[in-house]
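Contents: one structure, followed by commentary.
The values are calculated or read from the model by the stated rules, or taken from the named source; none is laboratory data. Computed from a predicted structure; not experimentally measured. Here Cβ is always computed from backbone atoms with ideal geometry, including for glycine, and neighbour counts include all displayed protein chains. Accessible surface is based on the protein model in full, side chains and every heavy atom, while ligands, DNA and RNA are left aside. Shrake-Rupley method; radii C 1.70, N 1.55, O 1.52, S 1.80 Å.
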Amino acid sequence: MTLAYHCLHEGERPKECVHCGRCLAACPLFSATNLEELAPRAKFQLARALESGAGGLSAGQVTELASRCLSCGRCEKACPEGLCAPDLIARLRSASPGWQALVWKNWIGRAGLLWPAGGMLAKLVPQALEKALTRVLPAPLDERAGLALHALRAMRAKSPVRPWLRVRRFDPCGKGTKAVLFAGCTAEHARPEWTRTAERLLRGAEYDLAPAPDFGCCGCTLGHAGCKAEQRAAQERNLAAWRAAGRPLLATFCATCRCGLRSYASVDLGWEPFEAEAWMKAVQPLSSLIGETEFSVIEEAAPARVHYHRPCHGAGGGQDEDLLRRMAGQRIGRASRDVCCGLGGVLQVAAPELGARVAADAWNFFAALPGEQVLTGCSGCVLQLASTRPEGVDVGHWLDAVARN
Amino acid sequence: MLTPAQKKFLASLFPGEAASFDEAACFVHGSDASRLPGMPWGVVRPTSAEQVAELLAWAQRERVPLLPRGRATGVAGAAVAANGGLVVSLLRMNRILEISPGDFLARCEPGVITADLQKACAAKGRFYPPDPGSVGISTIGGNIATCAGGMRAVKYGVTRDWVLGLTAVLPGGAVVRTGGRCHKDVAGLDLTRLLVGSEGTLGIVVEATLRLIPLPEASASLLAGFADMGALMRAAQAVFGGGLLPTAMEFFDQGTLRALSLTAESVPWPSGTAAALLLRLDGSAGAVAAELGKLDALLTPCAPTFRELAPDPAAEERLWELRRLVSPALYKLGPDKLADDLAVPRGVIAEAVAAFTAIGERRGVTVVCFGHLGDGNVHTDVMYDAADPRQNEAAHAAKDEILAAALGLGGTITGEHGVGLAKLPHLPGQIGAAERGLMRRLKAAFDPLGVMNPGKAY
Ligand SMILES: Cc1cc2nc3c(=O)[nH]c(=O)nc-3n(C[C@H](O)[C@H](O)[C@H](O)COP(=O)(O)OP(=O)(O)OC[C@H]3O[C@@H](n4cnc5c(N)ncnc54)[C@H](O)[C@@H]3O)c2cc1C
Ligand code: SF4
Ligand code: SF4
């Protein structure tokens with residue numbers, strides 16, 4: 001069996017790892033542990049060994065070790081060959097569905113919902129989920145299950161961030177353009193208030209906001225978990241819904257969803273001529289759509305300082321940061337550029353303690369004090385940072401900070 | 001193979017994830033950037049010199065071969081576990097211990113990434129110049145053990161010129177301290193220089209004292225293209241002839257330019273450019289501005305196809321990132337590489353490059369030349385497809401001929417990467433039996449039972 005583990009967007013010959021080591025410097029998992037076997041280079045080396053039979057390694061061994069990855073995508077940006085570890089791992093997983101992928105499928109199957117929505121499930125039936133988890137995870141992994149559950153619980157309650165920003169004046173830059181909102185799983189199931197705030201902002205900026213079409217999960221996390229068929233189904237469903245809605249502007253407020261949606265363009269989904277380009281143009285971050293809309297700070301509710309966490313996914317989250325800087329003014333503290341929150345999809349189930357070590361690096365960077373906030377623009381990052389936050393520091397989406405007026 | 005008792009000892013000296021015997025983890029630690037295969041018996045990750053001393057006492061007692069390892073960016077296979085052994089990963093000994101602006105020195109552990117040390121020094125107005133292409137991804141320990149060179153060698157020399165002292169642990173567990181904090185020191189034999197470049201065959205470096213100089217106030221770079229290598233060589237001579245000593249003088253031949261244009265997001269040269277020269281100057285702001293003008297004036301009569309001046313750090317970074325990209329980018333020209341870092345006397349570089357390129361053409365494989373023009377260190381890589389028997393044979397024949405041609409011109413088979421495993425068969429062509437015998441006797445004085453990185457380097 002040959003594993004095509006490369007993002008083969010072009011060219012004929014699959015690219016190969018040349019062992020140069022550039023990716024080690026980029027990988028947050030390696031930085032947090034100094035374990036070479038967790039670095040991207042190791043993942044490609046292992047996959048290659050599996051293919052060639054070198055080292056006599058088994059598929060199980062390789063998949064288990066190579067799968068320890070946050071799916072942050074930083075290695076792909078650093079690699080001169082353009083190799084992408086999450087792609088490799090997804091293929092390894094779908095080629096040999098080991099226990100991690102099984103857990104994932106079970107989880108999704110049982111919940112009828114998707115990963116970020118697990119928090120919702122934990123709220124409704126915590127014991128049921130706890131049981132479900134301990135049943136699928138081998139016994140010595142109780143502690144891991146505990147950490148994973150902790151992450152879920154972090155999403156249960158209402159957002160701890162009290163609104164401290166109010167729109168003072170809308171920029172009518174929407175000019176009646178037709179738009180729809182892609183809310184994503186977390187907002188849909190656990191944080192409906194994000195959707196409501198986003199809708200208000202878009203209407204205020206004078207977009208012609210149509211009711212949300214029949215969108216489902218973006219499919220990004222499913223793909224990383226190796227559930228290729230399910231990912232494909234999600235992509236097809238969303239594309240059909242967008243077409244049915246008349247191919248409107250598609251506003252997103254989660255960087256991971258946006259990254260997942262944008263990746264459709266490089267998948268053969270039966271695009272019509274120039275339709276993939278139109279799709280790329282349509283998928284836009286909410287923060288870039290509200291123009292020069294002005295905000296005022298509600299002094300009594302505002303934190304002493306607010307830090308911005310830039311998600312790994314998406315086009316870098318630059319627009320969210322710009323907006324937050326504009327909104328928060330002097331209150332802005334540190335803005336991360338290259339620290340990862342450590343969430344990492346399936347890793348949260350397989351080895352949440354690794355994610356927690358990466359998160360510790362992120363918290364060192366923010367050096368946030370009690371009473372301060374960390375805001376971001378990705379549901380996954382909110383989840384992970386909320387479950388690892390130091391006492392007294394609140395974590396939320398920037399939408400949490402915007403009041404109803 | 002390690003016995004259960006040996007594993008038990010190691011697991012107690014290196015608790016938890018500090019020791020690993022898992023096959024997959026071992027496999028990952030078996031190779032390096034040479035891509036030669038290897039399968040060690042285990043990996044340990046010390047965090048202190050005391051642990052290393054205990055390990056080396058044990059390894060000598062038990063006759064277990066040790067393979068020190070930094071980031072494994074070495075390209076000669078010096079870190080490859082070709083015959084098993086225990087890998088000692090130094091990545092967790094990564095503390096900067098001291099930066100003394102007054103004594104003009106830094107002390108650090110071996111696992112520090114070289115660029116991180118440079119940044120920390122710069123914050124105190126001090127400069128550690130050695131800058132291999134891998135400066136952001138390789139360790140001080142690895143740089144010392146290979147005596148890494150780099151772009152700035154023209155003006156500042158190589159790693160050995162910047163090491164004042166070392167603390168190393170020898171087989172048996174003895175801790176030796178060589179050199180010290182003095183910038184001049186001639187007491188006794190120069191053990192520091194012996195350890196530098198020893199490719200992990202004498203002992204494990206656990207601490208280094210490095211020489212610093214004041215951070216130059218400014219630097220500027222210039223990239224110029226030429227229609228052929230002849231024009232480029234004339235331009236290089238014009239620069240030195242004009243009395244300038246650039247910090248760095250790198251060149252790219254036609255194949256290198258092609259590989260870069262296939263890899264980088266964008267490249268600055270116009271079509272018709274078959275060779276390029278990348279230069280850097282540093283010093284006080286006034287001097288750099290004046291020298292940049294002079295450099296430009298010296299190059300203009302040499303008919304460049306384009307010139308790009310980079311007067312500020314951001315613009316410079318764009319040019320130098322291209323240089324750092326060369327080594328991996330070359331794989332765009334062929335999936336396999338036979339890499340050589342030959343050096344020849346500086347006066348015969350033009351002749352050498354012409355000879356190497358001609359060998360490639362005659363043999364029908366791609367030979368690219370690039371690198372440190374200013375100090376005579378010409379990277380010469382044969383790019384080929386090992387799966388094709390004809391190319392495979394031709395590539396190896398070309399490599400042998402290239403090495404012979406370099407030696408014929410009074411050169412060396414390795415200017416900075418080291419001998420490791422890859423170059424070992426070629427060493428007798430350069431160094432005589434008497435000298436190699438002396439090297440082995442020196443090794444025996446450090447490592448009588450041969451546990452340190454056996455079968456490598458000399
Ligand atoms: C993209 C790229 C560009 C490069 N550019 C250059 C360049 O311009 N100039 C240049 O000289 N090299 C270059 N190299 C080669 C390589 O980066 C250097 O040889 C570097 O010094 C190796 O450092 P490392 O930490 O990766 O060491 P490793 O590869 O892990 O080890 C190299 C050798 O050092 C030994 N060693 C490591 N640590 C210790 C220690 N603490 N004590 C004793 N022995 C030890 C190992 O046993 C081995 O023999 C490049 C490599 C790449 C991939
Ligand atoms: S995706 Fe992120 S965590 Fe995974 S290997 Fe790449 S850099 Fe490391
Ligand atoms: S950067 Fe790419 S080619 Fe280099 S070691 Fe990492 S995966 Fe391999």
Exercise. Kindly work out what percent of the DSSP beta bridges joining two residues of the protein assembly as shown are antiparallel, to the nearest 5.
Key: 70
Quiz prompt | Interatomic Cα distance distribution for region A:22-96, bins of 5 angstrom, percent | solution = 3, 18, 29, 26, 16, 7, 0
Self-check item: Isotropic mean projected area of the C-alpha convex hull, chain B (nm²)
Solution: 21.9
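Under the rule a/c < 1.5 gives rounded, and otherwise a/b versus b/c splits prolate from oblate, where does region A:298-401 land using the Cα gyration tensor?
Here region A:298-401 falls in the prolate category.
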Exercise. Please list, or write none, the aspartates and glutamates whose alpha carbon is within less than 16 Å of the alpha carbon of B:K443, excluding same-chain residues fewer than 8 places away.
Key: B:D190, B:E199, B:E435
Quiz prompt | Stokes-Einstein diffusion coefficient of region B:218-408, Kirkwood radius over Cα pairs, 25 °C, 0.890 mPa s, in µm²/s | solution = 145
Quiz prompt | Interatomic Cα distance distribution for the protein assembly as shown, bins of 20 angstrom, percent | solution = 14, 42, 35, 9, 0
Quiz item: Roughly to the nearest percent, how much of the accessible area of the protein assembly as shown is carbon and sulfur, given a 1.4 Å probe?
Solution: 54
Exercise. Would you give the gap between the C-alpha center of region B:401-458 and the C-alpha center of region B:249-269, rounded to a whole Å?
Key: 33
Practice problem: Report B:K155's accessible area, 1.4 Å probe, all protein chains in place, as a number in Å² to the nearest 10. | Solution: 70
Quiz item: Taking only the alpha-carbon positions of region B:334-396 and ignoring solvent, what does the Debye formula give for the base-10 log of I(q)/I(0) at q = 0.25, 0.29 Å⁻¹?
Solution: -0.97, -1.17
Self-check item: Karplus 3J(HN,Hα) series, Hz, for region B:87-103 with 6.51 cos²θ - 1.76 cosθ + 1.60 (x for Gly, Pro)
Solution: 7, 10, 7, 8, 5, 8, 9, 10, 9, 7, 8, 6, 10, 10, x, x, 7
Exercise. Order the following by accessible area, largest value first: A:H224, A:H309. Probe radius 1.4 Å; ligands, DNA and RNA are ignored.
Key: A:H224, A:H309
Quiz item: Can you give the average number of partner chain beta-carbon atoms within 10 Å of each beta-carbon in peptide A:51-63, as a whole number?
Solution: 3
Practice problem: Which order do the peptides B:111-121, A:373-383 take when ranked by the mean count of other beta-carbon atoms within 10 Å per residue, highest first? | Solution: A:373-383, B:111-121
Quiz item: Cα to Cα, under 19 Å, and not fewer than 8 places away if on the same chain: which lysines meet these conditions relative to A:K43?
Solution: A:K15, A:K77
Quiz item: Over what distance in Å are the Cα centres of region B:189-238 and region B:302-331 separated?
Solution: 18
Practice problem: Would you be so kind as to list the residues of region A:15-38 that have their accessible area lowered by at least 50 Å² in the full protein complex compared with their chain by itself (1.4 Å probe)? | Solution: A:V18, A:H19, A:R22, A:N34, A:L35, A:E36, A:E37
Quiz item: What is the mean projected area of the alpha carbon convex hull for region B:136-205, to one decimal in square nanometres?
Solution: 5.4
Quiz item: Heavy-atom accessible surface, probe 1.4 Å, ligands and DNA/RNA ignored: which residues of region B:102-137 lose at least 50 Å² versus the isolated chain?
Solution: B:I137
Quiz item: Put a dot 7 Å past each Cα toward the Cβ at A:F365 and A:K175; how far apart are the dots in nm?
Solution: 3.7
Practice problem: Sum -39500 (n - 2.57) across every DSSP H segment of at least 4 residues in the protein assembly as shown, then divide by the residue count to get the 222 nm mean residue ellipticity, nearest 500. | Solution: -12000 deg cm²/dmol
Quiz item: Under 20 Å from the Cα of B:K294, which lysines turn up, not counting those fewer than eight places away in the same chain?
Solution: B:K155
Exercise. Compute the distance in nm between two label points, each set 7 Å from the Cα along the Cα-to-Cβ direction, one at B:A120 and one at A:R232.
Key: 5.2
Exercise. Let me know the volume per residue of the alpha-carbon convex hull for region B:4-89, in Å³.
Key: 89
Exercise. List the residues of region B:58-73 that lose 30 Å² or more of accessible area once all protein chains are present, compared with their chain alone (1.4 Å probe, heavy atoms only, no ligands or nucleic acids).
Key: B:R71
Quiz item: If you roll a 1.4 Å probe over the heavy atoms of the protein chains, what accessible area per residue do you get for the protein assembly as shown, in Å²?
Solution: 39
Quiz item: Restricting attention to the alpha-carbon atoms of region B:359-458, what are Rg (one decimal) and Dmax (integer), both in Å?
Solution: 16.1, 47
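Before we go on, tell me the buried accessible area for the B/A pair, both chains summed, 1.4 Å probe, in Å² to the nearest 100.
2600
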Practice problem: State the three equivalent ellipsoid semi-axes of region B:243-285, derived from the C-alpha gyration tensor as the square roots of 5 times its eigenvalues, in descending order and whole Å. | Solution: 25, 12, 9
